[in-house]
Structures are given as structure tokens and as C-alpha cells.
Amino acid sequence: MSVDKLVLPHEPELALSVVSESVVGIDGPNAESYILPLSGFDRLVRGYPVTVLYVYSTNPSSSSSSVFDAIKSALPKALDQFFPFAGTVARYSPNGEVICNNAGARLLEASANPLSRLNFYDLDGTTKNTLLPASADHLLNVQVTRYTCGGFSVSWTFDHQVTDAYGFSRLVASLCDAARAGQPPSAPVSHERSFLLRPRSPPAFSALVDRTFTALTDAELLDLPQTGVTSRHLYFVEGPTLERLRAEASSGSKRTRTEALAAYIWKVMATTIDDDESGGASCRLGVIVDGRTRMGEDMSGFVGTCCPWRSGRRACGVSRSGLWRRSPPACRRRSARSLTRITSWTWSTGSSATGRGRRRRRR
């Protein structure tokens, strides 16, 4: 077994050792080839990789080796239910397709130094560099890392065109069910995009939608200019603080924790702009909302991308005042009609397609 060494540029003492690498395929009937067309929402996010990292401190009742073995054993069964994750995206297709050909998911086992050396606040430094580069040849990359202190972490990197965070959470739940002997499988899921809202004919959308989104080719995505962001950080907000913000933001109508926190961030960002220098400037905030609850039917089992972007703008003076409690983007008002406008926009740019999947003919 070969062992590779990855030296991290920012903190050499956090070097990772690759213990093993394998490709895990489907164990079940869904290993048969299948072509799944991408929807307008899938094409809206393009092929953006999303990484979710779970970190666990020392646990005497389980070791990283047992966790890795459990994931490796359960993943084939979970992929049978979530077979698009074991496929590849057809780059040659102008509208986008997932070729469900059982190419498999990439599974890595690694080791690293103690968790105490990780600075979770610095996202671009220590934490980011505990992750090995994901393989673009696989829609799902799983990395289990054991630390010398006895803790371990599990990272999942998936292609955003296949699903969003909600759909990904269903995959993890299914894997946990498969790892527990005697546990029933997760609730049924659906990967079909055919029932998603189709665009108007002819396509019709508002000027706001056209200003919010920009159609880019793959080459343009790789050549985007730098945004000027110098650092990214992670923050931990305690429960009582969230509840206090929620109470303050729920003047007249009850707000969710996400809405309350978004409103507070909006106000804080507005306070960084001086009245004398703003010149009537406004502050814009964007929130990704789950469209499943706004489609008029039960989509709780849908695994795909259905999280459109919702943004709002207020004058900086308004955001700083007491009116900030009513300032969060109108996520609740995102209706099926407005989702249709987004779908119409993606179709008009020639970057989306919806339709039923089809079995691939064997030669």
C-alpha cells in the first residue's frame, strides 16, 4: 500500500498521510446505466463542488478505523438508493446530463496530527488544508481522517449539480441506516426532474432575475476575476443568542433563526458604511432558500437542486435603523410563480434542460 505525503503550505506540522484510497461502486439493481437530464435549477449552480466537514473529538466507544470500515461497508448500499452520486456529468451535453454508469465514489482514509492544532476560525488556513484535493472524475468524494489525539473527521465533497444540501443530508441519513444492522432503510427518494416547473412559452422573466444571475460558460467560470476577499472565517453562535436575535426580529411576525441572523448580519454590514461616504449607497444581502416547500406538492423525498437565490436591498440608513427587523430578503414570498421565472431565465440562456431519465442502451 503506497503512502503519499501532503505538506501544507501554511502550517507544515499539519501534514496529512494518505492511508488508503479506493473507488466504491453500487451494490444493488441501480448499477445499470441510466441517463438523468439536469434541470434548470441544476444548471443554475453549474458544477460547483460543495464540501461538508464533520469533526469529532476523542470517543472511546469508537475509533476512526471502525468508522472508516462502517462507511466503506455501507456506502455501496447507500449509493444504490442515491445512484447519481456514483455517476459522471456529461460535459459534452449542452443542456447537461448525469450519466449514472456506476463509476463509483472516491473513498479516502488519511491520518493527521492532533485536533488541538486546528484553527477552525481560519477557514482558508488550517481547516481547509486538512482536506485532500477532491477528484473531478467522481461526483462524490469521501475522506475519513484520524487524528493522533483519537479524534476523527469525515468530509463529503459532492457536485452541486447533483443535489443541494437537503438532498445530501438524505444521502448521509441513508448511509447511517445502512451502517446500523437491523435498521430500516431511509424514506423513499426521487431523482426525477420531470415534475419540476417548466419555463413559460415563450420564456418570460423579470428584469430583476436578469440582474441577479449571469450566464457563464465553463471557460468563463475558470477565468473569473478576484473578488478582493482576503479571508474567510467560521463563527459559532450559541443557541440563546440566536433566540434573542429571533425575538428582536419577530416584531409583528415570527421569524426563523436563519432570517433573524441574516437580518442582524445585514445591519452589521450596513454600519461599516459611513453616511458621509455612502452617497445614498445600499446594502444587498442574498439568501439561498429551499424551494421544495414552495412548489405546491410534496417534495420531501426529492434529491436534486431546488434552492434558488433570493436577494434584497435596502438603503444603508434603513438597514442601520430599527427597520432592520423587517429587512431580511422576502424568502417566504418565493412562490412557484417566481421559481418559474428563474427556470425560464435558465432556459433562455440555453444552459438548462428538464425531462425524464432514460435507460442507456448497452452495446
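Tallying residues that are of a type in the set (Gly, Ala, Ser) and out of contact with any Lys or Arg (no Cβ under 8 Å at 6 or more places or on another chain) within the range 102-132 yields 5.
Looking at Val172, Val162, can you tell me which residue is modelled with pLDDT of 70 or more, within 30 Å of Glu109 (Cβ to Cβ), buried (at least 18 other Cβ atoms within 10 Å of the Cβ) and of a type in the set (A, V, I, L, M)?
Values: Val172 fails: buried (at least 18 other Cβ atoms within 10 Å of the Cβ).
Step by step, each of Val172, Val162 is checked, and only Val162 is modelled with pLDDT of 70 or more, within 30 Å of Glu109 (Cβ to Cβ), buried (at least 18 other Cβ atoms within 10 Å of the Cβ) and of a type in the set (A, V, I, L, M).
Asn102 meets each of the listed conditions (1) more than 22 Å from Val24 (Cβ to Cβ); (2) assigned to a loop (DSSP other than H, G, I, E, B); (3) not basic (Lys, Arg) apart from (1).
Taking the options Leu115, Leu131, Leu139, Leu123, name whichever one is surrounded by 21 or more Cβ atoms within 10 Å (Cβ to Cβ) and either closer than 23 Å to Gly301 by Cβ or not β-branched (Val, Ile, Thr) (or both).
Values: Leu115 fails: surrounded by 21 or more Cβ atoms within 10 Å (Cβ to Cβ); Leu131 fails: surrounded by 21 or more Cβ atoms within 10 Å (Cβ to Cβ); Leu123 fails: surrounded by 21 or more Cβ atoms within 10 Å (Cβ to Cβ).
Going through Leu115, Leu131, Leu139, Leu123 in turn, the sole match is Leu139.
Write out, first by first residue and then by second, each pair whose Cβ atoms fall under 9 Å of each other, whose residues are 6+ apart or on separate chains, and whose first residue, in the range 105-129, is in the same structural domain as Gln143 (by TED's automatic domain parsing) and closer than 19 Å to Trp156 by Cα while the second is modelled with pLDDT under 80 and assigned to a strand (DSSP E or B). These pairs meet every condition: Ala110/Leu6; Asn129/Leu6.
Taken over the range 83-94, residues that are modelled with pLDDT under 90 and outside any loop (DSSP other than H, G, I, E, B) amount to 1.
Can you find a residue that is among the β-branched types (Val, Ile, Thr), surrounded by 10 or more Cβ atoms within 10 Å (Cβ to Cβ), closer than 30 Å to Val89 by Cα and at pLDDT below 75 anywhere in the range 224-235? No, there is no match, as no residue in the range 224-235 is among the β-branched types (Val, Ile, Thr), surrounded by 10 or more Cβ atoms within 10 Å (Cβ to Cβ), closer than 30 Å to Val89 by Cα and at pLDDT below 75. Checking each residue of the range 144-158 against the condition of being of a type in the set (S, T, N, Q), out of contact with any helix residue (DSSP H, G or I) (no Cβ under 9 Å at 6 or more places or on another chain) and crowded, with 20+ Cβ neighbours inside 10 Å gives at least one match.
Determine, yes or no, whether Glu297 is modelled with pLDDT under 70, part of a loop (DSSP other than H, G, I, E, B) and under 30 Å from Leu79 (Cβ atoms).
Numbers: modelled with pLDDT under 70: yes; part of a loop (DSSP other than H, G, I, E, B): yes; under 30 Å from Leu79 (Cβ atoms): yes.
Yes: the conditions hold for Glu297.
When each of Val154, Val172, Val144 is tested for being among the hydrophobic types (A, V, I, L, M, F, W, C), under 18 Å from the mean Cα position of the chain (by Cα) and assigned to a strand (DSSP E or B), the lone residue that passes is Val154.
Taking residues in the range 185-200 that are within 13 Å of Val303 (Cα to Cα) and surrounded by 13 or more Cβ atoms within 10 Å (Cβ to Cβ), and partners anywhere that are polar (S, T, N, Q) and modelled with pLDDT under 65, the pairs with Cβ atoms closer than 6 Å and at least 6 places apart or on different chains are Arg193/Thr354; Leu196/Thr354. Where strands (runs of 3 or more DSSP E) fall wholly inside the range 3-82, the ranges with 2 or more residues that are in contact with a Ser or Thr (Cβ under 8 Å, 6 or more places away or on another chain) and either exposed (fewer than 15 other Cβ atoms within 10 Å of the Cβ) or modelled with pLDDT of 75 or more (or both) are 16-24, 49-56.
Mind listing whichever residues of the range 115-141 are more than 25 Å from Ser73 (Cβ to Cβ), in contact with a Gly (Cβ under 8 Å, 6 or more places away or on another chain) and part of a loop (DSSP other than H, G, I, E, B)? Asn119, the sole residue that qualifies.
The values are calculated or read from the model by the stated rules, or taken from the named source; none is laboratory data. Predicted model, so just to flag it, every value in this text is computed and none were measured. Glycine gets a Cβ as well: all are built from the backbone with ideal geometry, and neighbour counts include every protein chain shown.
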